[in-house]
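Visitor: Handing you a structure now.
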Amino acid sequence: MISSASVERSRKHGGHVSTAESVLDRRIEPRWVIAERPNPTVVGGLRDELEAPAMMAKILVNRGVEDPNVARAFLDPQMEDLIDPFTMRDMTEASARIWKAIDADEQIMVHGDYDVDGVTSTALLVRTLGALGARVRFYIPNRLEEGYGISHEAIDGCVAQGTTLLISVDCGITATEETLYATENGVDVIITDHHQPGVLPEAVAVVNPKRPDCDYPCKELSGVALAFKLADAVYRDRQIDPEPVYKNMDLVALGCAADIVPLVGENRILVSNGLRRMERTENEGLKALLRGAKLTGRRLGTGPLIFVLAPRINALGRMGSAMDAVTMLTTDDPDQAVEIAEVLETQNRVRRQVDDRMYREAVELVEQESNLASARALVLASDSWHPGVIGIVASRIAERIHLPTVLISLDGDRGKGSARSIPGFDLYEAVSRCQEHLVAFGGHKYAAGLTIDRVQVDAFREALVTVAEERMLPEDLTPRLEIDDEITLDQIDRRMVEMLRRFAPFGPQNPRPVMVSRAVEVVGAPSVVGRNHLRFKARQNGSVLDCIGYNLGHLTYRLTPGEANLDMAYVIEENEWRGRKDIQLRISDLR
């Protein structure tokens, strides 16, 4: 049902009315949280030690970095600061078993997951173990036909091919029964996984920093980061030059960025160095992807990886089999790499069409079934939804209405679900409290997957809503916009742009610094371009800068040209167009 208010707003702004628009009109005003002024003595000491601008020191201190040595390591992440992989529980056993297989010329199978993290994990191990002379194959389950994780069918395939060692990457931590089945059939199993463990499989080795008995200090590694640590350990075990491992840092950066891991500590080192490696990559598959996306020769950050490269790789896994994606990332044949990259482009276009259709249908269900004013969580189900795309749509819904969201694709008596959370709500813990209604589930704090019987959907919805009502605080329902500093527009110059760039790579726990400027004047008439993107010029103290607000076209009414009455929160970035680089402000919110 489309609200009359939506109709009236649309008429005023010359737009059209859709069901999706009526839900999107429920824009939750973010709460601006400006960082407290840190101890000036601490800031001054750090500024002097680093010989850095005061703003840099202030942002570092507010992000918990006060020690000059820690600050230097943060601003200049070095591979030498990585943690010894043998610090991780079962890493010694895993390396020893792999070397036993290599020495005896055993067939090894790397079993991955069908998302970017799993695909890059698989490709990294195939490449690095292959460089040691290992006989190594790979396997990625078909999402639509086999579902997630290790299966009996995969193990039967190992037996039929004469494989005696299966190494899981980005999956397997819940495969207790499957691991036992493999062992009984003469296949040893090494589990590497970063998802939350329960009862550990009885494998040769279970490499997971989240194990309760693992003292490894960096708990939030991605699947590809664990694959990197395993490969590094294997090379170290025989004092072999690890350059073949480090050559694949570009894969590590892609998988880590796509899996949205916290970009602090070891993850920051891996992604930072991996991005530099990707800019000069020797991987034929990545070369083909970068060319197709027109990213060749450009400075890369996490944004292009997450929003440009990752969706192309994910498209194969979401729409069917990701095996070709691994082939693309492991081949040395440039023609084959280009051929597969073109398939990825096509599949990604199909995926986007399915994504948009599902999003519209999900929004209609929200309109029909949910009272957003009182809702604490959403659980929506449909027989027409593609199981490979529900995670993307769940993310879009959760981000837009700021509520934990579960979408379920029903097929016969069963359904596959993807869940996405919001800051402050531990989704994995919440879903685990509802597990009596589920066939299976897994995941982490912000994302989870589940299998459910159709008859249990309503009961699961009630249970999850109850947990959300118990656990969520009122402030959790309002998104926070964390602001690092208040400045005026005339302070912004290229030196500041370069200074802020040193905080990259950006991601969870290390977002782009957000600034706020008050009493800014809008110059000329603002415009709405593309899909609801707001564009205007802002002036303060004689300085005029271009501003772009993605998906903020509905805030045009807050802009009054000629009056210095606008407060705006934004990140400072460079916009490159036809070889020219200009400073641009990307708007986060306007008041």
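Visitor: Limited to the range 190-206, what total is found for residues that are among the charged types (D, E, K, R) and either farther than 18 Å from residue 218 by Cα or in contact with a Lys or Arg (Cβ under 8 Å, 6 or more places away or on another chain) (or both)?
Guide: Qualifying residue count for the region: 1.
Visitor: Also, I was wondering about something else. Is the range 489-497 home to any residue that is assigned to a helix (DSSP H, G or I), at pLDDT 95 or above and either surrounded by 17 or more Cβ atoms within 10 Å (Cβ to Cβ) or touching a Leu at 6+ places or on another chain (Cβ under 7 Å) (or both)?
Guide: Looking for residues that are assigned to a helix (DSSP H, G or I), at pLDDT 95 or above and either surrounded by 17 or more Cβ atoms within 10 Å (Cβ to Cβ) or touching a Leu at 6+ places or on another chain (Cβ under 7 Å) (or both), one finds at least one in the range 489-497, hence yes.
Visitor: Pairs only if they're at least six apart or on different chains, beta carbon under 6 angstrom, first in the range 376-389 and closer than 15 Å to residue 148 by Cβ, second of a type in the set (S, T, N, Q); list them, first residue then second.
Guide: 387/409
Visitor: Kindly evaluate residue 223 against the criterion of being under 22 Å from residue 201 (Cα atoms) and either in contact with a helix residue (DSSP H, G or I) (Cβ under 7 Å, 6 or more places away or on another chain) or modelled with pLDDT of 95 or more (or both).
Guide: When the stated conditions are applied, residue 223 passes them.
Visitor: If residue 438 satisfies every condition in (1) at pLDDT 95 or above; (2) under 16 Å from the mean Cα position of the chain (by Cα) but one, which is the exception?
Guide: All conditions are met except number (2).
Visitor: For the range 148-158, state whether one or more residues are over 28 Å from residue 389 (Cβ atoms) and in contact with a Lys or Arg (Cβ under 6 Å, 6 or more places away or on another chain).
Guide: no
Visitor: Checking the conditions here, which among 119, 136 is under 16 Å from residue 192 (Cβ atoms), buried (at least 17 other Cβ atoms within 10 Å of the Cβ) and under 24 Å from the mean Cα position of the chain (by Cα)?
Guide: 119
Visitor: Can I ask one more? Which of the helices (runs of 4 or more DSSP H) found entirely inside the range 8-102 contain at least 1 residues meeting this: modelled with pLDDT of 90 or more?
Guide: Because the criterion is at least 1 residues that are modelled with pLDDT of 90 or more, the helices (runs of 4 or more DSSP H) in the range 8-102 that meet it are 40-50, 54-62, 68-75.
Visitor: Only residues that are at pLDDT 95 or above and of a type in the set (A, V, I, L, M): list them for the range 262-288, please.
Guide: Answer for the range 262-288, where residues must be at pLDDT 95 or above and of a type in the set (A, V, I, L, M): 269, 270, 271, 275, 278, 286, 288.
Visitor: Residue 105: part of a loop (DSSP other than H, G, I, E, B), surrounded by fewer than 15 Cβ atoms within 10 Å (Cβ to Cβ) and assigned by TED's automatic domain parsing to the domain that holds residue 193, yes or no?
Guide: yes
Visitor: If you go through the range 439-446 one residue at a time, do you hit one that is surrounded by fewer than 15 Cβ atoms within 10 Å (Cβ to Cβ), among the β-branched types (Val, Ile, Thr), in contact (Cβ under 8 Å) with a residue 12 or more places away in the chain and touching a Ser or Thr at 6+ places or on another chain (Cβ under 6 Å)?
Guide: Within the range 439-446, one or more residues are surrounded by fewer than 15 Cβ atoms within 10 Å (Cβ to Cβ), among the β-branched types (Val, Ile, Thr), in contact (Cβ under 8 Å) with a residue 12 or more places away in the chain and touching a Ser or Thr at 6+ places or on another chain (Cβ under 6 Å).
Visitor: Six or more apart or on different chains, Cβ atoms under 9 Å: show the pairs whose first residue is in the range 138-151 and among the acidic types (Asp, Glu) and whose second is not in a loop (DSSP other than H, G, I, E, B).
Guide: 146/153; 146/154
Visitor: If you don't mind, another one. Quick check: is even one residue across the range 349-359 touching an Asp or Glu at 6+ places or on another chain (Cβ under 7 Å) and either touching a residue at least 24 places away in the same chain (Cβ under 8 Å) or under 23 Å from residue 29 (Cβ atoms) (or both)?
Guide: No, there is no match, as no residue in the range 349-359 is touching an Asp or Glu at 6+ places or on another chain (Cβ under 7 Å) and either touching a residue at least 24 places away in the same chain (Cβ under 8 Å) or under 23 Å from residue 29 (Cβ atoms) (or both).
Visitor: Of all residues in the range 159-186, which are farther than 29 Å from residue 429 by Cβ and free of Cβ contacts under 8 Å to residues at least 60 places away in the same chain?
Guide: Matches in the range 159-186: 159, 160, 161, 162, 163, 166, 181, 182, 183, 184, 185, 186.
Visitor: Kindly provide the set of residues from the range 399-410 that are buried (at least 24 other Cβ atoms within 10 Å of the Cβ) and either within 19 Å of residue 473 (Cβ to Cβ) or in contact (Cβ under 8 Å) with a residue 60 or more places away in the chain (or both), ordered by number.
Guide: 403, 404, 405
Visitor: Here is a follow-up. Please go through the range 44-78 and pick out each residue that is polar (S, T, N, Q) and under 28 Å from the mean Cα position of the chain (by Cα).
Guide: Hits for the range 44-78 are 62, 78.
The values are calculated or read from the model by the stated rules, or taken from the named source; none is laboratory data. Note that this is a predicted model, so its numbers are computed, not measured. Reconstructed Cβ throughout: ideal geometry from the backbone, glycine too, with neighbour counts over all protein chains shown.
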